[in-house]
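Written below as structure tokens is the structure these notes are about.
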Amino acid sequence: MKLQLGSLVIAIYILFIYLQKYRIKGITKRWTYYDTLLIVGITELVLDAITAYTVNHLDSFSSLLNLSLHIAFLISVDSFLFALLIYILHLTDKIPTTKNKKILLYTPFIINILCVIVFAPKLEYIKGTYTNYSMGIPVYTCYLLSLFYAVVAIFIFLKNWKTIEDKKRLVLLSSFVALTVTSIIQMIFPETLISSIGVILIILGSFINYEDPSSRELQIVHEEMIFSFASLVENRDEGTGGHIKRTTEYVRLLATELSNRGYFKDTLTKSYIKNLALAAPMHDIGKIAIPDSVLKKPGRLTSEEFEIIKTHSTIGARIIDETFSKTQTKDLSKISHLIALYHHEKWNGKGYPEGLSGEDIPLAARIMAISDVFDAVSEKRCYRDALPLDACFEIIKNGSGTDFDPLLVEVFLDIRDKVEATFHQIS
């Protein structure tokens, strides 16, 4: 029982620190999948401690009360395992959306709950060397559910390894190890009652590696720093910040619609789209090194001046690699680099800096190219007036198959109403 109580104290302390940090830092708290995991975990630890006591004092409690407490405990174990699987699916952006997939997800959990309730009268209370413990069909089904969910989670993890953020990988790995090791030990040596250790390791590992509000605060500060720096660069080009706001939203809208339609499903995960939107403001960051005499020239650029302008893509990629990569995650840094370097490449291979063509151009850059050009022609510049929206959409349409990916153009034109709403909202 000491093990369960110790784990419970740690879990409650984590809950206190978790909520306190949100309050101190003034970050708006919304209910998350981790909140569910934490609350269900604490509930399991409470019931684990209670049943660890009652099973060793059977004479002091009625058989009905003891049975009821064990049923509640075993259901809480199943619930924690299910909450953990949902949390893992959330981290890997694989929460099911179709009815059939939801049924497949919930069925093992529901069956297990029914087994606990139906076969609860068959629970056996074994007298061990150091402590008593319960065994029987309800316990065995918990073991099976634990192993089943562990296998499912590991499969999802390995399948999506390349698209999972580094911090999330640490959470997932620590959860797999804790769940698998404690489950195996508990099955082989049931008297150890070690399941509480697995619960607290999962809760603690998730908090330290990903859910700590301090990390969230640093992320917010970093995002604000990116936008501020990008705005500073744009202001040199007589912008007002509207360009980077609009292009970021166009990028998000286009990527989300592509994902919703099932295109590039192995790439366009929620994490990828989030990083894509964070990277979008930095697409022209290399312009900070372009002289004002070229950047703000009101007339047509000479060929030499255009060559100077073109260097902003390689300069921007270098700035990201040398500066921002130290404060960004690896995935965000990579997308930022690709957008800055390749957003002026063209589908027909006549762009710059490397003359890439077709799908050799990274998807992030192809999405950025449409968003950037559309907003550029819709905005007044020192060398020309803004074009009407109809003309802007026509430019994108005419660029299909030459300047832009035809599929992306088709989808962009299909979401014209959303693009126009964004334009008017952020003008």
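Residue count for the stretch 83-95 under the criterion of being modelled with pLDDT of 85 or more and over 20 Å from Leu179 (Cβ atoms): the result is 0.
Scoring Asn56 on the criteria (1) open to solvent by 10 Å² or more (accessible area, probe 1.4 Å); (2) of a type outside the set (Phe, Trp, Tyr); (3) assigned to a helix (DSSP H, G or I) leaves a single failure, condition (3). Count of the stretch 116-131 residues, restricted to those that are more than 16 Å from Leu65 (Cα to Cα) and open to solvent by less than 30 Å² (accessible area, probe 1.4 Å), is 2. Filtered by the rule that a residue be more than 15 Å from Leu74 (Cα to Cα) and either aliphatic (A, V, I, L, M) or at pLDDT below 90 (or both), the stretch 33-52 gives Leu37, Leu38, Ile39.
Residue count for the stretch 75-104 satisfying the condition of being in a helix (DSSP H, G or I), open to solvent by less than 10 Å² (accessible area, probe 1.4 Å) and over 27 Å from Tyr140 (Cβ atoms): 1.
Go through the stretch 1-32 residue by residue and tally those that are open to solvent by 90 Å² or more (accessible area, probe 1.4 Å), modelled with pLDDT under 80 and not in a loop (DSSP other than H, G, I, E, B). Number of matching residues: 3.
Keeping to the stretch 246-267, report how many residues are in contact (Cβ under 8 Å) with a residue 24 or more places away in the chain and in contact with a Leu (Cβ under 9 Å, 6 or more places away or on another chain).
Narrowing the stretch 246-267 to residues in contact (Cβ under 8 Å) with a residue 24 or more places away in the chain: 246-255, 257-258, 261, 263-264, 266-267.
Remaining after also requiring in contact with a Leu (Cβ under 9 Å, 6 or more places away or on another chain): 248, 251-252, 254-255, 258, 263-264, 267.
Qualifying residue count for the region: 9.
Of the residues making up the stretch 154-200, those that are more than 30 Å from Tyr125 (Cα to Cα) and free of Cβ contacts under 8 Å to residues at least 24 places away in the same chain are Ile154, Phe155, Leu158, Lys159, Trp161, Lys162, Arg169, Leu173. Lys274 passes every criterion in (1) assigned to a loop (DSSP other than H, G, I, E, B); (2) of a type outside the set (Ser, Thr, Tyr); (3) buried (at least 16 other Cβ atoms within 10 Å of the Cβ) apart from (1).
Scan the stretch 407-422 residue by residue and report those that are in contact (Cβ under 8 Å) with a residue 12 or more places away in the chain and either open to solvent by 40 Å² or more (accessible area, probe 1.4 Å) or of a type in the set (Gly, Ala, Ser) (or both).
Here is the first cut: in the stretch 407-422, the ones in contact (Cβ under 8 Å) with a residue 12 or more places away in the chain are 407-409, 411-416, 418-420, 422.
Answer for the stretch 407-422, where residues must be in contact (Cβ under 8 Å) with a residue 12 or more places away in the chain and either open to solvent by 40 Å² or more (accessible area, probe 1.4 Å) or of a type in the set (Gly, Ala, Ser) (or both): Leu407, Leu413, Asp414, Arg416, Lys418, Glu420.
Restricting the stretch 294-314 to residues that are under 23 Å from Gly242 (Cα atoms) and free of Cβ contacts under 8 Å to residues at least 40 places away in the same chain, the residue that is most open to solvent (accessible area, probe 1.4 Å) is Ile309. The residue of the stretch 277-293 that is least open to solvent (accessible area, probe 1.4 Å), among those that are assigned to a helix (DSSP H, G or I) and in contact with a His (Cβ under 6 Å, 6 or more places away or on another chain), is Gly286.
Restricting the first residue to the stretch 316-334 and requiring it to be within 16 Å of Lys270 (Cα to Cα), which pairs with a second residue that is at pLDDT 75 or above and not aromatic (Phe, Trp, Tyr) meet a Cβ separation below 6 Å and a spacing of at least six or different chains? Listed pairs, sorted by first residue: Asp331/Asn275; Leu332/Asn275; Leu332/Leu278.
Conditions (1) over 19 Å from Ile367 (Cβ atoms); (2) hydrophobic (A, V, I, L, M, F, W, C); (3) in contact with a helix residue (DSSP H, G or I) (Cβ under 6 Å, 6 or more places away or on another chain), marked per residue:
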position	(1), (2), (3)
Lys274	no, no, no
Ala280	no, yes, yes
His283	no, no, yes
Gly316	no, no, yes
Phe324	yes, yes, no
Ile335	no, yes, yes
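Looking at Leu338, Leu332, which is the one that is assigned to a helix (DSSP H, G or I), closer than 30 Å to Thr92 by Cβ and open to solvent by 30 Å² or more (accessible area, probe 1.4 Å)?
Checking each option against the conditions leaves just Leu338.
The values are calculated or read from the model by the stated rules, or taken from the named source; none is laboratory data. Predicted, not measured: the structure shown is a model, and the values here were computed from it. Every residue, glycine among them, receives a Cβ derived from its backbone with ideal geometry; neighbour counts consider all protein chains shown. What goes into the accessible areas is simple: the full protein's heavy atoms, side chains included, and nothing from ligands, DNA or RNA. Shrake-Rupley method; radii C 1.70, N 1.55, O 1.52, S 1.80 Å.
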